[in-house]
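None of the figures in this text is laboratory data; all of them are computed from the coordinates on show. Just so it is clear, the structure is predicted and the values come from calculations on it, not from any experiment. Cβ placement follows ideal geometry from the backbone for every residue including glycine, while neighbour counts extend to all protein chains displayed.
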Amino acid sequence: MKIRIAKDNLLKAIQIVSRAVPSKTTMSILQCIMINASGTEIALIANDTELGIQTVAQGIILERGMIAVDAQIFSNIIRKLPDSDVSIETEGERVMIRCENAKFAILGRDGSDFTFLPEIDRSVGIRVSQYTLREMITRTIFSISGNESNGMMTGELMEIRDQFIRMVALDGHRIAMRRSQLREAFDDQKIIIPGKTLLEISRILGGDTEKDVDIFFTDKHVLFTFDDTIVVSRLIEGEYYKIDKMLSSSYRTRVTCRRKELLDCLDRATLLVKEEDKKPVIIMIREDEMELRINTAIGSMDEVLPIRREGEDLNIGFNPRFLIDALRAVDEEEITMYMVSPKAPCFIRDAEDMYCYLVLPVNFITID
């Protein structure tokens, strides 16, 4: 194999596929990037068997071939090279890398040892803008569980129904839901995508409203294709939680306030909360004001915000960081919170049901 490629093009491709290289594995071949120049394009591939990424790097193929190289070593070398064209040539499993006056020789692996991406049937799928998909992921991904023992909660539900796409994440303490209308109708689908896959896709996507992502589904896999990149991921198998039964529309207290004022107040409250501290912020809702209090070993804070209230007075406590995450995921100047009791979930939702954030309350000592 012999190829020539601009450093910027090569480095961009390396950064994309490196997201599928595992940090720890017992299979050393999985820590490699495959350079596949056996066809008409230069493709870089990484695959940890759960998540696989392939992207095309624009360059010139002088001699066709393929080689697998250690991802970390290869990435570090290319990053440090001069900003010029890079020549990569193989002699057996020996890989020569040249750029201006810099020359490296490293050991590669035979391409036949590498696990290529599985072939995915593309007969069932949808099309959505890159901007929409990235926004839906970033505004829900914070609610997935980091506990691997909660397998279903480590992924997100993607549901296609009635020309809408809906994404839902939950971790046992909160739910994040986003919905967006598709430009055309597709067959109903419901899959559970690992959070790691969605996080890496959100980092790769450019967020261009004029560019689309094609998403294809099978029983075991989901495939995303956009620009010159393909991402294949295993799905989480099983039946997702019955979300619609959890997202109640009933309330006894409805509060409307300015989002930024509440967010800034909660940010100030967390100055007094250590990482391991479980102290709640206590919200006392009265006719036209909402008082926020927090009392920790560091100190205390008390602040009053103006609101519009409908329904009953209420005292309720929350983990302030959960409320902050939800508020940061909303764009509107004003938000509306729906509550039933100090022990029932709080909902932050819009009138069109395009987003809904559920946060469970926490117990606190009653304040007189």
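Annotations
- For Lys24, the aspartates and glutamates whose Cα comes closer than 12 Å to its Cα, not counting residues fewer than 8 places off in the same chain, are Asp48.
- In this simple spin-label approximation, Ser248 and His173 carry label points 7 Å from Cα along the Cα→Cβ vector, and these lie 2.2 nm apart.
- One chain, two ends: Asp219 and Lys274. Fully extended at 0.36 nm per residue, the span grows by 15.4 nm beyond their Cα-Cα distance.
- Once the C-beta distance of Glu261 and Asp121 is scaled by a Förster radius of 56 Å, the resulting FRET efficiency is 0.65 to the nearest 0.05.
- Most mobile listed residue (Leu44, Leu235, Leu272) in the chain, GNM with C-alpha springs under 10 Å: Leu272
- In the range 1-75, the GluC sites (Glu not before Pro) that fall in loop regions by DSSP, at most 15 other Cβ within 10 Å: Glu41, Glu50
- Ranked by how many other Cβ atoms sit within 10 Å of their own Cβ, fewest first, the residues Cys257, Cys32 fall in the order Cys257, Cys32.
- Placing unit charges on the Cβ atoms only, positive for Lys and Arg and negative for Asp and Glu, gives the range 125-244 a dipole magnitude near 340 debye about its Cα centre.
- Within-11-Å neighbourhood charge of Pro280 [Cβ basis; K, R +1; D, E -1]: +3
- Segment Glu41..Arg4, full-extension length gain: 12.1 nm, with 0.36 nm per residue of separation and the alpha-carbon distance subtracted.
- Radius 12 Å from Cβ of Lys211, net charge of other residues (Lys, Arg +1; Asp, Glu -1): -4
- Remark: the Leu62-Glu100 segment gains 11.9 nm on full extension, using 0.36 nm per residue and subtracting the alpha carbon distance.
- Ranked packing of 179-186, 104-111, 53-60, most packed first, by mean Cβ within 10 Å: 53-60, 104-111, 179-186
- Take 301-309, 320-328 and order them by the average number of nearby Cβ atoms within 10 Å per residue, most first; the result is 320-328, 301-309.
- Per-residue ellipticity at 222 nm, computed for the chain from helices alone with -39500 (n - 2.57) per DSSP H run of at least four residues, works out to -5000 deg cm²/dmol.
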